[in-house]
Each structure stands twice: as structure tokens, then as C-alpha cells.
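Okay, so here's the structure we're looking at.
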Amino acid sequence: MAGQTQPNGKRPISILREFMHSEASGGILLMIAAALALIVANSPLSDAYFHALHSYVLGLSIGHWINDGLMAVFFLLVGLEIKREMLDGQLSTWSRRILPGVAAAGGMLVPALVYVAFNSGNPETIRGWAIPAATDIAFALGVLSLLGPRVPTSLKIFLTALAIIDDLGAVIIIALFYTADLSMPALGAAALILAGLIAMNRAGVQKLWPYLILGVGLWGAVLLSGVHATLAGVTLALTIPLRPAPGKPDDMRSPLHRLEHSIHGWVAFLIVPIFGFANAGVSFAGMDASILTGSLPLGIALGLFLGKMVGVFGTAWIVVRLGFADMPAHANTAQLYGVSLLCGIGFTMSLFIGALAFPASPELGDAVKVGVFAGSLLSATAGALVLRAACAKSPAPARSLSEAEQNA
């Protein structure tokens, strides 16, 4: 995969390694934003905080501009990453997709089943079954980065690939199960704009600005159609041309590479922290410990903590034992187990799906946040402790680039 050329002109720096580094840094910033939101929501500034989120600008509340507008850019980046990895990266061959793909599938199915087990008798809360199915790659890589260089790079690549496939599954779930009443005229307009984007791609248009202009129109049409507006970002991403060109400078690479690099910092260091600050704030005034025993937060917390661990580790271990895939290079079973625990950090996507599942109920929304916080905190703490112990018993990996990094 092409990357930025080093000053000595030898080999390009891996885009995947750049991605993991910035995602880890962005994850740490996201943690700070979430903690700040909790502090503000339980301080004398809480009224101003919640009032600001419900203030309207140009027909949408600030909260909607963040969740429907800024997060469309987040989903644009997700779509670009999915397309690049599938066509020109770590997921470009079936042999590379098997382990993270199967682990991601197990990591979405089992948490959903855990949630349903707690909420099957409650028609009001069963709609949130997909909340614990997602992994927050920024948060997970942020925790992983705190453990230092003793964590094998292959585990970071495995976690990144798994989370990308996980994001693809979350996008499909949102499209299929969290779509409101449809407006056929707006949906038709979106289809026409999408056809125009595909036509430009087929015609070989390499300039980004025509795609972005039509992308804004696509976002507006999807917003009015009843389909969640963030899906416009993913759809736009899939039409951006990708022309693999290893070794070429940044300005000579394909439109997809250029767009991904231009928005990645904005997403990691601005958009996702803003989303975290806007959505992590929950006031604990009037709450008691009994909220943790409710079927909704308990299903989410255990879905993330137990469901993700069982789903990811169990399926990965079975696939490796059956010989269908290899264990990540220089990693052992205990380290794979630790990474599986980190997959239970659901935060960004879990909060996002929770907002879609219960848009009209502040009480259920707060219960979602409590469940996501509890499950993510348990997963982060347990995963970090397991990995720290497992890596302390293993020799530090060689400083030379692994084969996986060379091919990234």
C-alpha cells in the first residue's frame, strides 16, 4: 500500500501504520472529551450544556448537526477505509480476511444475543439489540498504544482490520434496521445523484471537487429521505476512485488516498471528540445504583464485555485451531484474548446506534450511555491488564518491520 515517502527516499511509510498511530492518539483525545462531558453534565454548567445541544440552527438542533452532519464525514472516512482495505490493503485477499472477518462476525452476533437474552420480554428496549455489536477502533487502539511497543504489531493490524469489518457490519445494520419512514421523492433524488457519482467514477474523473459537490447534495437528499444521513458518507466513499500507485508522492496518488489523508486528522482530532463530548454527557442527578441492574444497561454492558470477548476470541481461536487461518505473527493466545477484550470498547458507534434506537426517550438514552460506559470501561480495564501481563511474559518483538507491515 502506498504511503508517504521517508526523507531518505527509501520506502514509503505504511498508511496502515499512520492510521493506527493517529487513531491511537485520537482515541486518547476521545477519552478526554468523554470524561469532560461527564464532568460538565454533572456540574453547574449542565443546564447550559444540554440547552446548547437542543438549540436550533438552520432547521436542525446542534445535536442533530453533530450526529447527522459531522458524523457523515466520519462515515465518509469509514467508507474510504473499508474500500481501500478491501481493494488495496490488509483485506484485499480472502486469506487475509478470514481471521478478522470471522472474528468480527462472532463479535457482532454474540453481543446481540446477550442483549436479546436480557431484553426479549421488553418490546420497548429490544430495538437496541445492535448497540453492543460495535467496536470503537479509536478507543481500542488508544488503550493498546498505552501498553507500548511490546504489543506485537500484528495484533494492532488484526484489531484494525476487525474494527473496519465491524464498521461495515454496523453500516449495514443502520441501513436495514434503523431507517425511518421513507420519502420516495427524496430517495429518488439520492439515487439520481448516486448515479451521477458512479458515472463520474466510470468516466475516470480524478478531480475531487465534483465528487464532493455531488456528495453534499447526496447528504441533503438522504437526510430528507428518512434513511439516516450518515449513510450518504459511506455511499459517497464507495464512488471515490482508487487507483493503487505504490511509491508515488501524496499529490500523485488516487483521489481516495488524497481525500482520506485530507480528512483523517479532522475526523480523529475534531469530529469524533466533538461527537464524544456531545453524546457522552449524562447527568447522574437522581440516579441510583439500581440503574445498572436494568435490562437495557445490563444487556449492553454484558454484551460488550462478555459478548465481544466470547464472540471475537471464541471464533478466532476455533478458526486458528482448525487451520483455516494463522495466529497473528509473534502473538500468543493470551495476547489474542486481551485484544478480544478490548473489542468490547463500543463507545462511538454504540452511542450512535443507541441514539438511533431510542431517539425520543431521554431516560432510555441515559440508560444506553450508562451501559456503554460500564461495558467499555470493563473491557478496556480487563483487556489492558491481560495484555500487560501477557506481554510482560513474552519477549519484545523485533524492531524490524514484520512481513505484515511490509505489505501494509
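The values are calculated or read from the model by the stated rules, or taken from the named source; none is laboratory data. Since the model is a prediction, treat every value here as computed from it, not as a measurement. All Cβ positions, even for glycine, are placed from backbone atoms using ideal geometry, and neighbour counts span all protein chains on display. When the accessible area is computed, the model is the full protein with side chains, heavy atoms only, and any ligands, DNA or RNA have been set aside. Shrake-Rupley method; radii C 1.70, N 1.55, O 1.52, S 1.80 Å.
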Heavy-atom accessible area order for LYS156, LYS83, LYS308, LYS207, largest first, 1.4 Å probe: LYS207, LYS156, LYS83, LYS308
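Expressed as a rounded percentage, what relative contact order does the chain have, with Cα pairs under 8 Å and six or more residues apart?
30 percent
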Exceeding the 21 Å Cα-Cα cut-off - candidates LYS156/LYS308; LYS156/LYS369; LYS83/LYS308: LYS156/LYS369; LYS83/LYS308
Highest-fluctuation residue, VAL368, VAL272, VAL216 considered, GNM on the chain with Cα pairs under 10 Å: VAL216
With every protein chain in place, the chain: carbon and sulfur % of accessible area (1.4 Å): 69 percent
Descending semi-axes in Å of region 231-388, equivalent ellipsoid built from Cα gyration tensor: 33, 26, 14
Highest-MSF residue in the chain out of THR235, THR135, THR381 [GNM, Cα springs under 10 Å]: THR381
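Given the rule -39500 (n - 2.57) for each run of at least 4 DSSP H residues, summed and divided by the residues of the chain, what is its mean residue ellipticity at 222 nm, to the nearest 500 deg cm²/dmol?
Numbers: 17 runs with 257 residues, N = 408.
Estimated from H runs of four or more residues: -20500 deg cm²/dmol.
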Net charge, GLY314 excluded, C-beta distance under 13 Å - Lys, Arg +1, Asp, Glu -1: +2
Of LEU214, LEU377, LEU336, the one that fluctuates the most in a GNM where the chain has Cα springs shorter than 10 Å: LEU214
P(r) weight above 27 Å for region 128-284, C-alpha pairs, percent: 37 percent
ILE39, ILE62, ILE137, reordered so the largest accessible area comes first (probe 1.4 Å): ILE39, ILE62, ILE137
Relative contact order (%) - criterion: Cα under 8 Å, at least six apart; region: region 103-175: 38 percent
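For a protection proxy built on the mean count of beta-carbon atoms within 10 angstrom, sort 118-130, 341-353 highest first, please.
Highest-to-lowest ranking by the protection proxy: 341-353, 118-130.
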